[in-house]
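The values are calculated or read from the model by the stated rules, or taken from the named source; none is laboratory data. Keep in mind the model is a prediction, meaning the values are calculated, not measured. A quick note on method: Cβ atoms are made from the backbone with ideal geometry, for glycine too, and the neighbour counts reach across all protein chains shown.
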Number of protein chains: 2
Amino acid sequence: MKTVKIYDTTLRDGTQAEDVNFSVEDKIRVAQKLDELGVHYIEGGWPASNPTDERFFKEIHHYALKNAKITAFGSTHAVSKNADNDPNLKSLIASGVDVITIFGKTWDIHVKEALKTTLEKNLELIKNSLLFLRPKVKELFFDAEHFFDGFKENKEYTLACLKKALEGKADVLVLCDTNGGTTPSEIRQIIREVKKELPHANLGIHAHNDSELAVANSIIAVEEGAIQVQGTINGYGERCGNANLCSIIPNLQLKLGYACLPEDNLRLLTSTSLFVSEVANLPSFHRQPFVGKSAFAHKGGVHVSAVRKNPRTYEHIKPELVGNKQRILLSDLAGQSNILFKARQYGFHLDKNDPFVLELLAKLKELESQGYEYTAAEASFELLLNRVLGRARTYFTLENYRVLETKRKKEEPISEATVMVRVGGMLEHTAATGKGPVNALDNALRKALEKFYPCLKEMHLIDFKVRVFSSLNRDLAGTASKVRVLIESGDPKHRWITVGVSFNIIEASRQALEDSLNYKLFKSDQEKLTKALKEASEGF
Amino acid sequence: MKTVKIYDTTLRDGTQAEDVNFSVEDKIRVAQKLDELGVHYIEGGWPASNPTDERFFKEIHHYALKNAKITAFGSTHAVSKNADNDPNLKSLIASGVDVITIFGKTWDIHVKEALKTTLEKNLELIKNSLLFLRPKVKELFFDAEHFFDGFKENKEYTLACLKKALEGKADVLVLCDTNGGTTPSEIRQIIREVKKELPHANLGIHAHNDSELAVANSIIAVEEGAIQVQGTINGYGERCGNANLCSIIPNLQLKLGYACLPEDNLRLLTSTSLFVSEVANLPSFHRQPFVGKSAFAHKGGVHVSAVRKNPRTYEHIKPELVGNKQRILLSDLAGQSNILFKARQYGFHLDKNDPFVLELLAKLKELESQGYEYTAAEASFELLLNRVLGRARTYFTLENYRVLETKRKKEEPISEATVMVRVGGMLEHTAATGKGPVNALDNALRKALEKFYPCLKEMHLIDFKVRVFSSLNRDLAGTASKVRVLIESGDPKHRWITVGVSFNIIEASRQALEDSLNYKLFKSDQEKLTKALKEASEGF
């Protein structure tokens, strides 16, 4: 089988993204995850550029990696130095890795304007830097920075740079579209010309996404013979990002028939994408190809019914291949047939003319117009469905609550909540403090309820998301905007998401908290009932 | 100059996106904006599919468009009907447009499984539907659904479908990669084969982004002779979205030399992108090529210094061409040189060894580690800079505050804030209510301050964003998560963004609110000072 080497630079070029900053600990965790996924190379950083990267190389030696090799990145030696007294090259060697990548200028305007040296001198920098490193490493790669821009303006010079890199004994010449402005047809044609000129050179590709063409440019380079592809998880990187490995890898494996990852590892792709976005503390991009939450989500009525009959009708690959899954969405566009389908998932076989279905549709429409959103908050939807059908008990009623925030001078603010909760015939009145008003309310509610419902002790809150509606209506703008709160909760066996909407963030949170507690109680009842029925039928 | 027609389907296929829902009013506003941008066709919707679309076609006739033609979308007639008694075709005609697009099945498995009819019958549906509509419209397009998937499995049948569409007198045959799974090389080769078979047919392209290849596939289709490109603003659309016109248009105009929009209109692209995301109530995607906030943002130290010397070094096009702009970011990666550059923007020519610069760097590092982020919140940064340099007065001190949330039974919750604010020697103690706790605090603060600083009356809050840190640390999860609040404020002349961070959303909001008020007062002082100095120098 044809193979391509995957070179991940999330930890180096990825951190050039506007909103990505990794600590040393973050970098170690991401490296372990990338190794598990099975990429061939993990570019750990540029040791000379900052202390985080330097520390990363010290730390990572303590971890045994099973698939990937760690690489260090740096530039050719400084114009004012020689290779053997250049601190940048020294720090590359000090990083203790077996694989080093150095980048050199290949676009003449960069040589003159950024490096401020002669074209001739730059050729020396490339060759001498590589020759100096060569005996000290097992593999040595040359990143030809701005190769395609350079080629379009001064073809001879860029080729001269590549030849010097070969004289310097680089194993792979990585052609970089640093500014991301090159089109697929240009990539194809330029690589063909390079291949003609240097038929025995191993080529790699390093593309940026400024023209939304990085994935296409990368796979076209592979079609033209590139043996190494550089990119980042989720396409993180400076400006519009680097070539997205989460799209390149499945395209190469599933469409072009190349082996990139160890067998069966492609199914780790979605979880790797989520993990990296979580460590980077960035929201995941729902529409992201292959691994995004929406990548196999179906909303339109026509599509939903076709895809249920045969997934191939609207899915280009099986979502499970990349560890993703199909989702059927709740939406007014999809109409009744979707509601009925969802209801079936919860065990209700309803008829579309059932008056409860009509009530549910009307209620959903009303709630959606207020800003409630059940696409993510399925637990709130399941509760709503069961309430409309009269299947959910009223476990408690929060009669009154009060939240008090007090801040004096330079002290930390104090948050305190009081709640009055009715459970059956009992009225529980209690209070609690917390880290912030929502946490205080949460603590007070639990304090009031746990004595009646001890099973609530095993549940905890996992995540809390706030979405402010950025209304175009001036009256709703600013601090009086409407907010939607999503709360994710979990117990040892399940996770669920609930929703609340209000002008008031505390009130919106209260709704989502109540739904979350109710859902836990409802599920716990269902389990008990299932168990009792099972025992009864066995006894019978 | 070579031209390509741009066919926008944001209002139809774009609304299939998981999180996009447009009201009729939204659709009208987007259509006007698209017309202003200068696309050739605006697909308004599928009148038979839902009442919103039907109403849109009734309404849009009242608006004079200067560039675009409105088109209506529908399917070939139903298997059980004839063209002249099919309600779907009737509603297309009833929409009153001059341009109609109908889609037909061209992949055999769809004909058999989704349409449940014979291959022969489907050919009739295509031809008869088109022939029926032909005399009723000026332009008639045929969307060949799943064309590329069909071609790969049953080439003869897909070509037979296209031939029927030509017999039905369609003006353009739009080849659809409905599932988004086709690679650029396949697109090129298949279009070449179609061209060989149907040398006189006008072809169009309709790509989806499931493999992150939609933009490449679209421009390759144009290189191969397609005269119409279908796509959506920001790439909105089902699953991973449609081909993104915000990338296709500049690629075609600036890289491939095609005319797409009226002269000079390309610079409206960024504002169109933002407008549509605002109407769709979706956050804009910062890394979006060409029009994204990060598209021309520079963070790395090396890049920042090069791009300042010559923007071409790290920018593939001039950002102004698409209405975007260059941004230099604050970040620890960029180090001192960036801080000095930023400081210069605010009028401070500092030396890098200045002890104030070192203090500022240490302070920034400390704040960033707590979660403060100044990339967006430049006003907070400017205040911080001026405070460290001793240039900002203390306009007020919020000594104490208290926020009280009360909710009784089914009533709406009441939010009330009390503040004790010191201004010079005066202590102002007051209270206010609001829509939610943050709004109440905002109202109370203003009430206390406006009598001392009447200029605060002219400022207002524009937007309020909350970001919850989704910590991997279990102790910080759930409702006790740390939150970052960004507040955007404005007066008749400026807009500014401030930041606050805390475990407590009210406290984080308080910080951002205080910064916002302080910034307004600081700027107003600066203006007065500039004016006074100017008058003094003129008098002198």
For residue A:278, only one of the following conditions fails: (1) more than 7 Å from chain B (Cβ to nearest Cβ); (2) at pLDDT below 95. What is its number?
(1)
Residues located in the range A:192-216, provided they are more than 9 Å from chain B (Cβ to nearest Cβ) and within 16 Å of residue A:252 (Cβ to Cβ)
A:203, A:204, A:205, A:206, A:207
Looking at the structure I just gave you, is residue A:98 surrounded by 19 or more Cβ atoms within 10 Å (Cβ to Cβ) and modelled with pLDDT of 95 or more?
no
Hits in the range A:90-139 (condition: outside any helix (DSSP H, G or I), away from every other protein chain (no Cβ under 14 Å) and without any contact (Cβ under 8 Å) to a residue 24 or more places away in the chain)
A:118
How many of the residues making up the range A:348-380 are polar (S, T, N, Q) and in a loop (DSSP other than H, G, I, E, B)?
2
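More than 27 Å from residue B:30 (Cβ to Cβ) and in a loop (DSSP other than H, G, I, E, B), is that true of residue B:79? Spell out how you get there, then give the answer.
Working: more than 27 Å from residue B:30 (Cβ to Cβ): yes; in a loop (DSSP other than H, G, I, E, B): yes.
Yes, satisfied.
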The range A:146-163, residues that are assigned to a helix (DSSP H, G or I), of a type outside the set (D, E, K, R) and touching an Asp or Glu at 6+ places or on another chain (Cβ under 9 Å)
A:147, A:148, A:150, A:151, A:157, A:158, A:159, A:162
Go through (1) at the interface with chain A (Cβ under 9 Å from one of its Cβ atoms); (2) surrounded by fewer than 24 Cβ atoms within 10 Å (Cβ to Cβ) one by one and return the number of the condition residue B:224 breaks.
(1)
The one condition in (1) among the polar types (S, T, N, Q); (2) surrounded by fewer than 24 Cβ atoms within 10 Å (Cβ to Cβ); (3) under 21 Å from residue A:219 (Cβ atoms) that residue B:211 fails to fulfil:
(2)
Restricting to the range B:398-433, name every residue that is within 9 Å of chain A (Cβ to nearest Cβ), in contact (Cβ under 8 Å) with a residue 12 or more places away in the chain and not aliphatic (A, V, I, L, M).
B:399, B:400, B:401, B:402, B:405, B:415
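If you take just the helices (runs of 4 or more DSSP H) that sit entirely in the range A:217-330, which of them hold at least 3 residues that are under 23 Å from residue A:27 (Cβ atoms), over 16 Å from the mean Cα position of the chain (by Cα) and not aromatic (Phe, Trp, Tyr)?
none
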How many residues are touching a Pro at 6+ places or on another chain (Cβ under 8 Å) and of a type in the set (Val, Ile, Thr) when one looks only at the range B:10-53?
0
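Does residue B:308 fit the bill of being surrounded by fewer than 19 Cβ atoms within 10 Å (Cβ to Cβ) and under 24 Å from residue B:379 (Cα atoms)?
Numbers: surrounded by fewer than 19 Cβ atoms within 10 Å (Cβ to Cβ): yes; under 24 Å from residue B:379 (Cα atoms): yes.
In short, yes.
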What pairs come out if I take residues in the range A:307-326 that are within 11 Å of chain B (Cβ to nearest Cβ) and closer than 11 Å to residue A:290 by Cβ and pair them with residues that are surrounded by fewer than 19 Cβ atoms within 10 Å (Cβ to Cβ) and of a type outside the set (Lys, Arg) whose C-beta lies under 6 Å away, six or more apart or interchain?
A:317/A:254; A:319/A:326
Only one residue in B:373, B:378 is away from every other protein chain (no Cβ under 12 Å), buried (at least 18 other Cβ atoms within 10 Å of the Cβ) and of a type in the set (Asp, Glu). Which one?
B:378
Cβ-Cβ under 8 Å pairs, at least 6 apart or on other chains, the range A:169-188 side away from chain B (no Cβ under 14 Å) and crowded, with 24+ Cβ neighbours inside 10 Å, far side part of a loop (DSSP other than H, G, I, E, B) and aliphatic (A, V, I, L, M):
A:173/A:198; A:173/A:201; A:175/A:226
Condition first: within 30 Å of residue B:467 (Cα to Cα), within 11 Å of chain B (Cβ to nearest Cβ) and either surrounded by 18 or more Cβ atoms within 10 Å (Cβ to Cβ) or out of contact with any Cys (no Cβ under 7 Å at 6 or more places or on another chain) (or both). Can you find one or more residues in the range A:247-256 that meet it?
yes
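Taking only the range B:28-76 into account, find how many residues are in a strand (DSSP E or B) and on the phi > 0 side of the Ramachandran plot.
Count: 1.
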Does the range B:49-61 contain any residue that is within 14 Å of chain A (Cβ to nearest Cβ), more than 22 Å from the chain's Cα centre (by Cα) and more than 25 Å from residue B:115 (Cα to Cα)?
yes
